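The values are calculated or read from the model by the stated rules, or taken from the named source; none is laboratory data. For clarity, every value in this text was computed on a predicted model and none was experimentally measured. Just so you know, the surface numbers come from the protein's heavy atoms only, side chains and all, with ligands and any DNA or RNA stripped out. Shrake-Rupley method; radii C 1.70, N 1.55, O 1.52, S 1.80 Å.
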Amino acid sequence: MGNTVDWPALEAAAVDAMRKAYAPYSKFPVGAAALTGDGRIVSGCNVENASYGLTLCAECALVGNLQMTGGGSLRAFYCVDGAGNVLMPCGRCRQLLYEFRAPDMELMTTQGIKTMDQVLPDAFGPEHLEETR
Ligand code: THU
């Protein structure tokens with residue numbers, strides 16, 4: 001809780017990920033990176049498909065990477081577009097991030113650093129499922 005976040009390192013990891021994007025249809029590469037609660041950096045890029053609606057956002061790869069490299073939670077998040085500018089995660093991806101948020105998770109946004117509750121207020125989460133109560 002309250003650890004200092006190296007935002008420039010996260011930005012660099014997001015840009016690196018963006019450069020690996022597979023976005024031949026939209027031509028809109030996206031990269032996302034996050035700091036985990038235990039200090040790892042996980043990242044992902046968008047991966048599109050000829051069946052356009054099956055596109056995987058960068059955040060999908062990021063949460064897969066989180067789980068595959070030891071699990072845990074997301075402490076800080078940074079997403080960039082093809083120009084390296086901060087990009088807001090789409091609505092679906094805010095939900096993906098919510099599932100794995102650390103209690104003090106922060107996100108870099110176009111309006112500066114925000115909390116998960118600010119970007120996804122009144123969220124539905126695992127705590128609302130009967131079996132996890
Ligand atoms: N995209 C992401 O990867 N993450 C987001 O949060 C917003 C949108 C991707 C999906 C698609 O490949 C491209 O951006 C244009 O929508």
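Quick notes on this structure:
- Among 36, 115, the sequence by solvent-accessible area, most first, with a 1.4 Å probe is 115, 36.
- The helix-only estimate of mean residue ellipticity at 222 nm for the chain, built from DSSP H runs of length n ≥ 4 each weighted as -39500 (n - 2.57), is -7500 deg cm²/dmol after division by the residue total.
- Surface share of carbon and sulfur [accessible, 1.4 angstrom probe, percent] for the chain: 55
- Compactness ratio for the chain: Cα radius of gyration over 2.2 N^0.38 Å (N = residue count) comes to 1.01.
- Ligands, DNA and RNA are left out, and with a 1.4 angstrom probe the accessible area of the chain is 54 Å² per residue.
- Under the criterion of Cα pairs below 8 Å and six or more residues apart, the relative contact order for the chain equals 20 percent.
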